[in-house]
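Rule-based calculations on the coordinates, nothing more; no lab input. Just so it is clear, the model here is predicted, and its values are computed rather than measured. Positions of Cβ are generated from backbone atoms using ideal geometry, with glycine treated the same way; all protein chains shown enter the neighbour counts.
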Amino acid sequence: DAGVIQSPRHEVTEMGQEVTLRCKPISGHNSLFWYRQTMMRGLELLIYFNNNVPIDDSGMPEDRFSAKMPNASFSTLKIQPSEPRDSAVYFCASTNTQRERFGELFFGEGSRLTVL
Amino acid sequence: KNQVEQSPQSLIILEGKNCTLQCNYTVSPFSNLRWYKQDTGRGPVSLTIMTFSENTKSNGRYTATLDADTKQSSLHITASQLSDSASYICVVSFMDTGRRALTFGSGTRLQVQP
């Protein structure tokens, strides 16, 4: 059974460039989360989708960040334009809020972003 | 404010020794508490979950405790192994305006040395 799949695993880009991170949640899961992890701030929730609808995007740092979930099996997180302070590991996680009463999150392996 | 604090920030122990990691929270209303293990370069993986009515739960060499009165949880690792080297993250679930929300601790980085 495939877990949460993220791509790319590593991305190095220059300031000002557009970055798109991709996520395929576990089949059957109805909720998807994007997190950012840094040494200084730990794991921070960026945005949360339920049934493909954004429920809480209060963690999105600013207008440079946007996320979409066009269908139940795919989501993207886009940063445009990217800045060095965006360097972090971005995790996607999914769960089934109906089946998982206690809400275990299943994380992908993360996308490590470095903005020069 | 809903917060989760973990201690220590980092810990180094010798293989075979025991250790205890702490998690204090001010989250309310409390729903449940999970401990996640995050290996370097990987995503977090759930180790155990504690609900309000549970005091102790074991998962192999890992034993979690919960004191809902003092809002404290601990994760005890017995007979540590090199593979236990990882970050351990405490995550507390609570209800926020009718939906479940999560608050993450900053983690304890454990290093087990041979």
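Could you give the distance between the Cα centres of the range A:31-99 and the range B:66-104, to the whole Å?
Between the Cα centres of the range A:31-99 and the range B:66-104 lies a distance of 22 Å.
Could you tally the net charge around B:Trp35, taking each other residue with its Cβ under 12 Å from the Cβ of B:Trp35, Lys/Arg +1 and Asp/Glu -1?
+2
So what is the orientation-averaged projected area of the protein assembly as shown, using the convex hull of its C-alpha atoms, in nm²?
Result: a mean projected hull area of 12.9 nm².
Once you order the gyration tensor axes a ≥ b ≥ c over the Cα atoms, which shape class does the range B:31-114 get: rounded for a/c under 1.5, otherwise prolate or oblate by comparing a/b with b/c?
oblate
Starting from 0.36 nm per residue, how many nanometres of slack lie between B:Gln22 and B:Arg99 once their C-alpha separation is accounted for?
Stretched fully, the B:Gln22-B:Arg99 segment lengthens by 25.0 nm.
B:Ser10 to B:Thr51: FRET efficiency via 1/(1 + (r/R0)^6), r the Cβ-Cβ distance, R0 30 Å, to the nearest 0.05?
Efficiency for this residue pair is about 0.55.
Which whole-number percent gives the relative contact order of chain B, counting Cα pairs below 8 Å spaced six or more residues apart?
37 percent
Compute the distance in nm between two label points, each set 7 Å from the Cα along the Cα-to-Cβ direction, one at A:Gln17 and one at B:Ser58.
So the label points at A:Gln17 and B:Ser58 sit 5.2 nm apart.
Provide the FRET efficiency to the nearest 0.05 for the B:Arg42-A:Val53 pair, computing r from the beta carbons and using R0 = 35 Å.
It comes out at approximately 0.75.
Quick one: if the Förster radius is 45 Å, what FRET efficiency do A:Ser87 and B:His76 give, using the C-beta to C-beta distance and rounding to 0.05?
0.80
Where Lys and Arg each count +1 and Asp and Glu each count -1, what net charge lies around A:Thr13 among other residues with Cβ under 12 Å from its Cβ?
-4
On average, how many beta carbons from a partner chain sit within 10 Å of the beta carbon of a residue in A:35-43?
Partner Cβ neighbours, averaged per residue: 4.
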